[in-house]
């Protein structure tokens with residue numbers, strides 16, 4: 001009898017063309033993308049440490065393996081890079097930042113960089129489908145992926161925390177997947193929306209304790225409760241409130 005631990009499962013992106021695979025939420029890493037992802041990650045981490053003096057507080061709260069969701073406020077294109085750079089070991093290897101599909105997956109060049117170098121998966125900010133959210137949730141529950149995401153759904157143009165969308169609740173309600181709230185301070189000063197090049201502002205990431213929502217009912221009301229709880233957790237980590 002075959003041991004269930006070693007049972008073969010076909011890749012989720014099996015049968016897709018290369019273009020479809022790069023834009024698929026079911027994409028799995030290949031050898032080339034793994035190498036590029038590690039090289040890009042090491043380069044960006046070095047950049048953040050040297051140019052922005054990146055400091056991480058509460059690093060012990062970060063996951064070391066999947067599944068997980070790491071989330072934070074969102075006021076800069078640097079945010080996904082920052083959170084990914086904070087991760088360690090197996091968590092970094094299995095991490096998929098969720099990126100705006102209409103920004104990072106429209107042109108071939110951006111798609112290649114986002115998928116091959118950043119290991120990002122596309123999210124359509126306007127009209128994200130239930131099917132896509134179900135695919136993300138299935139990957140989390142399967143235990144083979146971790147996500148970096150921003151529940152505001154867009155960058156804040158003022159630096160203030162926006163309301164969290166209920167989609168984060170749909171991913172977490174009724175599951176044992178940990179959600180790790182973070183607050184990024186300094187990224188808005190370093191590289192706000194509309195800026196062409198980053199400024200050398202110091203960036204500090206404060207990491208909170210993981211939250212679980214197994215007892216939250218997986219329905220619309222539950223999704224909203226999850227979103228509100230996570231927003232409060234992120235906001236509580238802001239050491240310099242406006």
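Coordinate-derived values only; no laboratory data. Since the structure is predicted, the reported quantities are computational estimates derived from the model, not experimental observations. So basically every Cβ, Gly included, is an ideal-geometry build from the backbone, and we count neighbours across all protein chains shown.
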Average Cα contact separation per residue, the chain, under 8 Å, 6 or more apart, as relative contact order %: 25 percent
Residues in segment 160-195 reached by a label modelled at residue 219 [backbone nitrogen below 20 Å; 7 Å Cα→Cβ]: 166-176
Ranked 47, 183, criterion: other C-beta atoms within 10 Å, fewest first: 47, 183
Contact order normalised by residue count of segment 156-223, Cα under 8 Å, 6+ apart, percent: 44 percent
Selected from 28, 160, 221 as most flexible by GNM, with the chain as the system and alpha-carbon contacts under 10 Å: 221
Choice from 53, 196, 170 showing the highest fluctuation, given a GNM over the chain with Cα pairs closer than 10 Å: 196
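Sort 64, 216 so the one with the fewest other Cβ atoms within 10 Å of its own Cβ comes first.
Fewest-to-most Cβ neighbours within 10 Å comes out as 64, 216.
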Relative exposure of 71, 161, judged by other C-beta atoms within 10 Å (fewest first): 161, 71
Modelled label reach - residue 65, point 7 Å along Cα→Cβ, segment 206-232 residues with backbone N closer than 15 Å: none
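Is it possible to state the helix-based mean residue ellipticity at 222 nm for the chain, with each DSSP H run of 4+ residues giving -39500 (n - 2.57), the sum divided by total residues, to the nearest 500 deg cm²/dmol? What is it?
Mean residue ellipticity at 222 nm (helix-derived): -10000 deg cm²/dmol.
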Choice from 171, 230, 39 with maximal GNM fluctuation in the chain (Cα, 10 Å cutoff): 39
Calculated FRET value between residue 35 and residue 160, using beta carbons and R₀ = 35 Å, to 0.05: 0.35
Mean-position separation - Cα centroids, segment 144-180 and segment 203-242, in angstrom: 8 Å
Distance (nanometres) between label positions extended 7 Å along Cα→Cβ at residue 55 and residue 28: 4.2 nm
Estimated FRET transfer efficiency (residue 108, residue 239; beta-carbon r; R0 51 Å; 0.05): 0.80
